[in-house]
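Q: Shown below is the structure under consideration.
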Amino acid sequence: DVLISQIAAGEVVDRPASVVKELVENALDAGATEMTIRIDGGGIQRILVQDNGAGIPATELPLAVTRHATSKIQTLSDLESVVTLGFRGEALASIASVSQMTVSSATAGATHGHAISNRTGAWLTEPAACPIGTTVEVLSLYFSTPARRKFLKTEQTEFFHCLDVIKRMALANPSVSWVVYRDGKLYARYQASDWSARVFGILEAMADGASKPIDFETADMKLRGAIGLPDAARGRGDMQFFYVNGRFVKDKLLNHAVRAAYEDVLHGDKFPAFVLFLNLPPTEVDVNVHPAKTEVRFRNSKAVHQWVRQVILSALSSSRA
Ligand code: ADP
Ligand code: MG
């Protein structure tokens, strides 16, 4: 069973950023409005996600860390819709199989909280003093699977992958406040805000304040957000955030459309910074190509590409006039 979990872990949590993603998704599912994330040693040493969500009742803690225990599927018919979102009830178990994990939690009605930990080798639950909500601490990721550990990049690179995931979630959840510590030091803070304040806050930090709002609409397509102004000196591949119908995507067609517009204006800037939200009728797009993938399939991809390129181009042109 440990082996099966470790194999499953290879798929669910291939690097620290995937752990962060799973823990943050759980916190959001639990209705958290405040999130504190601590990443030490690129997440390999420690990842801690503390939320103020609903918490886990003491009796359910052992279930939460067990494979295929999910509180999110009530009936068999739920299964189909839920599976596509990645709710498979194995994230915590998978992470625990390749780390030392402690889950501390308290619910609103309880007199005190409880913590469950596998640090002694077996799962042990104890009473614990903790605020309402859940804290998951993951120590020594992949210590038991050195082969997997070898695939990791430097701590620096792993940290920035974690941060990328956090920004991705923060952009989609502006009403949640986020605090990120790196190796014990405050690294980033995104205060609860409205959508445009969150978008501009994050984009301007990436684009050194030189940005341009995007807000265009046709009968059936809408593109909103902000783009950084062309700057050939930048050039990092981690400043691109595209959402389709509210869902984060990394799509070749869309990224190409944006990049082509930048190249039309300025021959350079291979990695423009942008945060863009495209909305179109559900009949025009299939976002469920694969639950784990971040690609989309458009019914009329040529038209989408042309329109996005045109919108970005006209925004860039007007900013240079
Ligand atoms: P899934 O999210 O697919 O259900 P997970 O392994 O990620 O599976 O989590 C297992 C269960 O543990 C969840 O269904 C939920 O009941 C509980 N849980 C995990 N994290 C949290 C959290 N931060 N707050 C409240 N409940 C949580
Ligand atoms: Mg989950």
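The values are calculated or read from the model by the stated rules, or taken from the named source; none is laboratory data. Here the structure is a predicted model, which is why all the values come from computation and not from measurement. Neighbour counts run over all protein chains shown; Cβ positions are idealised from the backbone, glycine included.
Yes or no, residue by residue, for (1) within 16 Å of the chain's Cα centre (by Cα); (2) under 30 Å from residue 280 (Cα atoms):
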residue: 142; (1), (2): no, no
residue: 153; (1), (2): no, no
residue: 156; (1), (2): no, no
residue: 176; (1), (2): yes, yes
residue: 206; (1), (2): no, yes
residue: 228; (1), (2): no, yes
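Q: So which residues in the range 112-122 are touching a helix residue (DSSP H, G or I) at 6+ places or on another chain (Cβ under 6 Å) and more than 15 Å from residue 55 (Cα to Cα), if there are any at all?
A: 118 - this is the single residue of the range 112-122 that is touching a helix residue (DSSP H, G or I) at 6+ places or on another chain (Cβ under 6 Å) and more than 15 Å from residue 55 (Cα to Cα).
Q: May I pose another question? Within the range 11-18, is even one residue under 22 Å from residue 128 (Cβ atoms) and either within 16 Å of ligand 2 (Cβ to nearest atom) or at pLDDT 95 or above (or both)?
A: no
Q: I'm trying to understand the selection: among the residues of the range 21-47, which are part of a helix (DSSP H, G or I) and within 16 Å of ligand 2 (Cβ to nearest atom)?
A: The answer is 21, 22, 23, 24, 25, 26, 27, 28, 29.
Q: Give me the pairs: first residue in the range 22-36 and within 17 Å of residue 191 (Cα to Cα) and among the acidic types (Asp, Glu), second residue at pLDDT 95 or above and in a loop (DSSP other than H, G, I, E, B), beta-carbon distance under 6 Å, and six or more apart or on different chains, which are they?
A: Filtered contacts from the range 22-36: 34/52.
Q: Right, next: Name every residue in the range 155-185 that is closer than 20 Å to residue 200 by Cβ and part of a strand (DSSP E or B), in order of residue number.
A: 177, 178, 179, 180 - these are the residues of the range 155-185 that are closer than 20 Å to residue 200 by Cβ and part of a strand (DSSP E or B).
Q: In the range 154-203, what residues are closer than 14 Å to residue 47 by Cα and of a type in the set (Gly, Ala, Ser)?
A: If the condition is that a residue be closer than 14 Å to residue 47 by Cα and of a type in the set (Gly, Ala, Ser), then 184 is the only one that fits.
Q: Which residues, taken from the range 217-237, are hydrophobic (A, V, I, L, M, F, W, C) and either surrounded by 17 or more Cβ atoms within 10 Å (Cβ to Cβ) or over 20 Å from residue 254 (Cα atoms) (or both)? Quick ask: steps written out before the conclusion?
A: Narrowing the range 217-237 to residues hydrophobic (A, V, I, L, M, F, W, C): 219, 221, 223, 226-227, 229, 232-233.
If the condition is that a residue be hydrophobic (A, V, I, L, M, F, W, C) and either surrounded by 17 or more Cβ atoms within 10 Å (Cβ to Cβ) or over 20 Å from residue 254 (Cα atoms) (or both), then 221, 223, 226, 227, 229, 232, 233 are the ones that fit.
Q: Within the range 35-50, identify whether any single residue is under 15 Å from the mean Cα position of the chain (by Cα) and farther than 11 Å from residue 137 by Cα, and answer yes or no.
A: yes
Q: Examine the range 48-66 for a residue that is in a strand (DSSP E or B), in the same structural domain as residue 169 (by TED's automatic domain parsing) and either more than 11 Å from ligand 1 (Cβ to nearest atom) or modelled with pLDDT under 95 (or both), and state whether such a residue exists.
A: Checked the range 48-66: at least one residue is in a strand (DSSP E or B), in the same structural domain as residue 169 (by TED's automatic domain parsing) and either more than 11 Å from ligand 1 (Cβ to nearest atom) or modelled with pLDDT under 95 (or both).
Q: Moving to a separate point now. Here is a list: 137, 126, 80. Which entry is of a type in the set (D, E, K, R), at pLDDT 95 or above and either loosely packed, with under 12 Cβ neighbours inside 10 Å or farther than 25 Å from residue 17 by Cα (or both)?
A: None of the others qualify; the one that does is 126.
Q: Continuing with the same structure: Taking the conditions exactly as written (touching a residue at least 24 places away in the same chain (Cβ under 8 Å), of a type in the set (Ser, Thr, Tyr) and closer than 28 Å to residue 247 by Cβ), does residue 145 satisfy them or not?
A: Working: touching a residue at least 24 places away in the same chain (Cβ under 8 Å): yes; of a type in the set (Ser, Thr, Tyr): yes; closer than 28 Å to residue 247 by Cβ: no.
Taking the combined requirement at face value, the residue does not satisfy it.
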